[in-house]
Amino acid sequence: MTDASELPVLLDPVLQRHQSRPDRLLQILRDAQDVLGYLSDETTAWLAKALGISYAQATSTRDFYAFLYRENRGRYRILFSDNITDRMAGNQALFKQMLNYFGIAPGKVSGDGLVSVDLTSCTGMCDQGPAILVNEMAIPRMTPQRVEEVCALVSRQVPLAEWPAELFVVEDNIQRADLLLGTTHQPGEAIRAAIARGRDEMLFEMRTSNLRGRGGAGFTTGIKWEACRNAPGVRRYIVCNADEGEPGTFKDRVLLQSYPGRVFEGMVIAAFTVGAHLGLLYLRAEYRYLRPKLEAYLAEMRAQNLLGKDIGGLAGFDFDIEIHLGAGAYVCGEESALIESLEGKAGKPRIRPPFPVTCGYKNQPTVVNNVETLCKATEIAIHGGAWYEAIGTKQSTGTKILSVSGDCERPGIYEYAFGVRISQVLEDCGARNAIAVQVSGASGTCLSERELGRRIAFEDVPTAGSFMIFDAQRDMFEVARNFAHFFKHESCGFCTPCRAGTALLSEMMDKIAEGRGTQYEMNELLRIQAVMKASSHCGLGQTAGNAVADTVQKFRPSYERRLAQTDFVPAFDLDAALAKARQVTGRDDAHAHLGAEA
């Protein structure tokens, strides 16, 4: 444990790096943890005092995020991705193999303080799972042999920087490229095209393109930019939402890894159009390995006069980009929760209105766009809105990138013009005997085999990009149960419908799995989902029950074969709970049991 007298020496450089700004609390906590290993109450209190904020505010932020630790988790913190696709690929056996190697229980630290092993939510490696994170560094394609290799490296206490580089190789797996993925990027071309058009013309082209947000909500990008541009405020901000936490989605990982120029130039074009001077890229913690490459690319853009002052030679066009790292919170994919996190707070969604376009980061007008959306802005800057609007469908223009995983021969990234049929995607990726497709992640839509003729489009099956395939060997009840556990874990707890509803759904699914469910639970699952959808504060709670409701209605036999024959079985066994009392009193006669005759 670090002595209190050492904290100034160890943490003053962290504070100086962030100018002791309270709004950078999350980044400060992350960096402090990198130095100390974990964030004790004493450390958190010292940081709170140094930043001039309350201890309650500091602990509220620390305790909200899954990757910030109050207690020691060991020098090596290993997390197994536990999305349903990782389970299908055998992560549970590998997880047990590693636990057995170190002789520890899940989430517990080894006796020598060296290592802990636990589960985490989807890590964005579904096309090459099972995956793990070691001190937040991703290792995909885990096998029994790789587990042994990782365990040996940990046991020998080899520094992570000296581990074999091939362990950390993350492939793009681009299986089908179209306009975005199949076109060579010329640095600066899109920015120069936007400047040549002028601010008003660029906004007109965005409106003409009818580009809709690729993060899931599908709001028209041009309208969002115009609202931010016209909103009263001292400063404007551009935020790139790279907190890709929806289970089964990994398209943004590929765009950031191999197409960073398109992402950053999209931010520059947005800034030019709305009049912003600072951009913030919120990078999910699971993609931490990408940060050095992204920082290097930003430095190169500054050297080429594509960032900084007088961009592209245009006097007064000043704009730069900062990268902020998340800390493990699915809810931060919601734009107002993301802004709260950027301001150093717990990532809880704000009450809206006001919306971010008028009152966002630091209460100033803010554009929040998804990674893929910003890439699309570069295409529109170069080719124009009418060209873009002619691709896809009337309500869904352009192309869409799908993250395809699950039961198929060729998982990976597929880009199509909007309007492609589900069946076409299945054929292209080599899916055989698919009985279900989960589109847009755990919060999206579960399609049965009778619906595979439907199309990917906002007017039919909208998606943020996740496309998980399940064949005849899969149990759709277990798929929905995995998603129910995910949402229980990821609920921020802000509102009762989501906080209580996700817990109830998860517990009822467990009860059914144990063979103690009845028709009562079947009816309650749908009733609770309806309440959550109608009354939850944000989109997480409103959609958290979708997978359960869809599978109850479309794959009912998967549930019914587990049901007990009685009308109702209590989830809590009171008589069993009294066993300890019977042991203490030395009684085990009939009268010491509930239900015994007098």
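Exactly one residue among G541, G515 is in contact (Cβ under 8 Å) with a residue 24 or more places away in the chain, buried (at least 21 other Cβ atoms within 10 Å of the Cβ) and out of contact with any strand residue (DSSP E or B) (no Cβ under 9 Å at 6 or more places or on another chain), and that residue is G541.
Residue-wise test of (1) outside any loop (DSSP other than H, G, I, E, B); (2) surrounded by fewer than 22 Cβ atoms within 10 Å (Cβ to Cβ); (3) without any contact (Cβ under 8 Å) to a residue 40 or more places away in the chain.
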position: Q438; (1), (2), (3): yes, no, no
position: G453; (1), (2), (3): no, yes, yes
position: F467; (1), (2), (3): yes, no, no
position: F470; (1), (2), (3): yes, no, no
position: H485; (1), (2), (3): yes, yes, yes
position: C498; (1), (2), (3): yes, no, no
position: L504; (1), (2), (3): yes, yes, yes
position: D510; (1), (2), (3): yes, yes, yes
position: M522; (1), (2), (3): yes, yes, no
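Looking only at the stretch 540-549, decide whether some residue is part of a helix (DSSP H, G or I), under 17 Å from V479 (Cα atoms) and in contact with a Phe, Trp or Tyr (Cβ under 6 Å, 6 or more places away or on another chain). Yes; the residues of the stretch 540-549 include at least one that is part of a helix (DSSP H, G or I), under 17 Å from V479 (Cα atoms) and in contact with a Phe, Trp or Tyr (Cβ under 6 Å, 6 or more places away or on another chain).
Per-residue answers, yes or no, for (1) outside any loop (DSSP other than H, G, I, E, B); (2) surrounded by fewer than 10 Cβ atoms within 10 Å (Cβ to Cβ); (3) among the hydroxyl-bearing types (S, T, Y):
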residue	(1), (2), (3)
V552	yes, no, no
Y559	yes, no, yes
Q565	no, yes, no
F572	no, yes, no
A581	yes, no, no
H591	yes, yes, no
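Taking the stretch 192-240 as the search range and keeping residues that are touching a Leu at 6+ places or on another chain (Cβ under 6 Å) and either under 30 Å from Y289 (Cβ atoms) or not assigned by TED's automatic domain parsing to the domain that holds G328 (or both), which one is surrounded by the most Cβ atoms within 10 Å (Cβ to Cβ)? Checking each candidate, the answer is C240.
In contact with a strand residue (DSSP E or B) (Cβ under 9 Å, 6 or more places away or on another chain), of a type in the set (A, V, I, L, M) and crowded, with 20+ Cβ neighbours inside 10 Å - does that describe any residue in the stretch 155-169? No: the stretch 155-169 contains no residue that is in contact with a strand residue (DSSP E or B) (Cβ under 9 Å, 6 or more places away or on another chain), of a type in the set (A, V, I, L, M) and crowded, with 20+ Cβ neighbours inside 10 Å.
When every residue of the stretch 334-343 is checked against the conditions, none turns out to be surrounded by 21 or more Cβ atoms within 10 Å (Cβ to Cβ) and over 26 Å from T220 (Cα atoms). Whenever a residue of the stretch 547-571 is in contact (Cβ under 8 Å) with a residue 24 or more places away in the chain, its partners that are assigned to a loop (DSSP other than H, G, I, E, B) and hydrophobic (A, V, I, L, M, F, W, C), lying with C-beta atoms within less than 9 angstrom and at least six residues away or across chains, give the pairs A547/A442. In the stretch 510-539, how many are within 20 Å of P247 (Cβ to Cβ) and out of contact with any Phe, Trp or Tyr (no Cβ under 8 Å at 6 or more places or on another chain)? Number of matching residues: 7.
The values are calculated or read from the model by the stated rules, or taken from the named source; none is laboratory data. On a predicted model such as this, the values are computed, not experimentally measured, just so you know. Methodologically, a virtual Cβ is constructed for each residue, glycine included, from the backbone with ideal geometry; neighbour enumeration extends over all protein chains shown.
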